[in-house]
């Protein structure tokens, strides 16, 4: 005997309504499309970013060629001659020096926080270092220009010239405005970035590995140097490259202390310029469209370089994240 | 008594270890000292220069002492408000889509694009806003500046909103499903309110980040020594004003730049520091 529903077709109706509620409610479709729409806006903006900067640079690309612009060292707005080689070199040199200065300090901090500091002060040290990353770059620029630059000019540069003057890197004319000043500011800015990621990666090194090494009679430094750093190698390299990416794109602090001089010099105590710094410095003064387009062309090259560096870093950090040994991110 | 070779080697290793551990501790202490040196200058120099007029008056003509940055403070807030209005809905709904609906592959691809966008130098974002908005409009404007800052905010906020939504336990969603609630209402009435504090915090952090940006504003908002005349004309902002004052030769303007930095640091580092303090050990490390 079967149970007759009170009203014929009621069961079907209920089922249909339930199915609609679960899958096909109009609100659901609309809401999902809305969310998808906004997600697509982001993708659209990303595409538009590439396209727009490219079109902005098109006049310069047409005039000088995308690649020959990169390998030419000419910057003469009066004669309508532009080439970006010197600022590309300036960007890479200042970022590379910054990374060289920052990496030992950042790794030291990461090791101190994860391995050495008593638990009571661990959090406070990490917090304090992280605050450095929150300071706006204009404040770094102001401090660099009015505090660090005079200090270096009066106290450090004479020493460098006296004792290391036989190297081509430390020579007169030495102004406070220099590649070195920019690199030092950049180094301070990227230390918190590198050390924050390095801290996480180092935290993922299994305790058993460290204990095993200690049991073999290793000193604490040997544990760090021979176990922790090699184990966390890929992630640390990723962290360093992310720091490099940040240094390459940094604008304000560099613009204010580097002097924005259009030439390549081995002397790091001399003024120089980076891609970002000449854009910030000259964009508003670009009086004709080819000049403006050349600056945008520099921006295009800067974007490509930082995209490549960023993607490289992400891939490295991901390769650590997907490693079964580490449970990161 | 002479040391054996093994003893000597052991001492040497211990010495190296002590030196290197000391160096690690020194880097931490040194970097903290640098932080205090920077913040100390901002607080002392800025504190000496700041006064009531700084918040209420316009800049005086060059050479005349006194005056303030009232227009730049208000301008920064206006530009940030525009950025927030543009970026927060986009980031919010994109975060919802990524956390609630997207397939793993699509979400991964979008996340990749977002993180790549976050890596674009802010000066290039300025160029983007210039070519897209300033050039067709024929004028620098608050809108262009707001759009540029929105481009800085969107990747930060979208990812943070997604992370905040993902912390909502799946059992809550299941409980609502079992009650027959349609999934869009589950998202809006259960998931979003639960993740609410996290989402609001993420928005504040993204605003604080954007508020400290200078490079995207130089040739979008441009700057203005007077009050803005609506949203479609050049507008003063705090970071750009600090830059102009700091780079010039006038001592009085340098003092004002320090005062401006103090306000900027209080607004940005203050918010970020507070949030980090409250959410210690949670997922806001990307800031």
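Where a number appears in this text, it was derived from the coordinates with a stated rule and is not lab data. Note that the structure is predicted; figures quoted are calculated from it, not measured.
Summary of computed values
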read-out: Distance between the stretch B:250-273 and the stretch A:73-97 - C-alpha centres, whole angstrom; value: 32
read-out: Nearest 10 degrees, 0 to 90: helix A:10-19 Cα axis against chain A principal axis; value: 10
read-out: Alpha carbon centroid spacing (whole Å) that separates the stretch A:103-148 from the stretch B:1-68; value: 9
read-out: Interatomic Cα distance distribution for chain A, bins of 10 angstrom, percent; value: 5, 19, 23, 21, 14, 8, 5, 3, 2, 1, 0
read-out: Whole-number percent relative contact order across chain B, with pairs defined as alpha carbons under 8 Å at least 6 apart; value: 25
read-out: Residue of B:269, B:181, B:110 that the Gaussian network model of chain B assigns the largest fluctuation, springs spanning Cα pairs under 10 Å; value: B:181
read-out: Using alpha-carbon coordinates, inclination of helix A:179-203 to the longest axis of chain A, degrees; value: 30
read-out: Helix-only [θ]222 nm of chain A, DSSP H runs n ≥ 4, -39500 (n - 2.57) each, per residue, nearest 500; value: -21500 deg cm²/dmol
read-out: Cα gyration tensor category, rounded, prolate or oblate, for the stretch B:1-151 with a/c compared to 1.5; value: oblate
read-out: The stretch B:97-164: proportion of alpha-carbon pairs further apart than 21 angstrom, %; value: 36
read-out: Chain A: angle of helix A:119-134 to the longest principal axis, Cα-based, in degrees nearest 10; value: 70
read-out: For the stretch A:228-329, alpha-carbon Rg and Dmax in angstrom; value: 17.9, 57
read-out: Full-extension gain in nm, residue B:81 to residue B:167, via 0.36 nm per residue minus C-alpha separation; value: 28.2 nm
read-out: Computed over chain A: relative contact order in percent, which uses C-alpha pairs under 8 Å that are six or more apart; value: 25
read-out: The stretch A:12-145: C-alpha gyration tensor shape, a/c 1.5 cut-off, then a/b vs b/c; value: oblate
read-out: Size descriptor, Kirkwood hydrodynamic radius, that averages inverse alpha-carbon separations across the stretch B:67-195, Å; value: 16.6
read-out: Cα gyration tensor of the stretch B:39-105 - equivalent ellipsoid semi-axes, whole Å, descending; value: 42, 16, 8
read-out: Cα centroid separation, the stretch A:262-300 to the stretch B:88-119 (Å); value: 34
read-out: Where only C-alpha atoms are counted, convex hull volume of the protein assembly as shown per residue in Å³; value: 220
read-out: Global form of chain B, assessed from the alpha-carbon gyration tensor, a/c cut-off 1.5; value: oblate
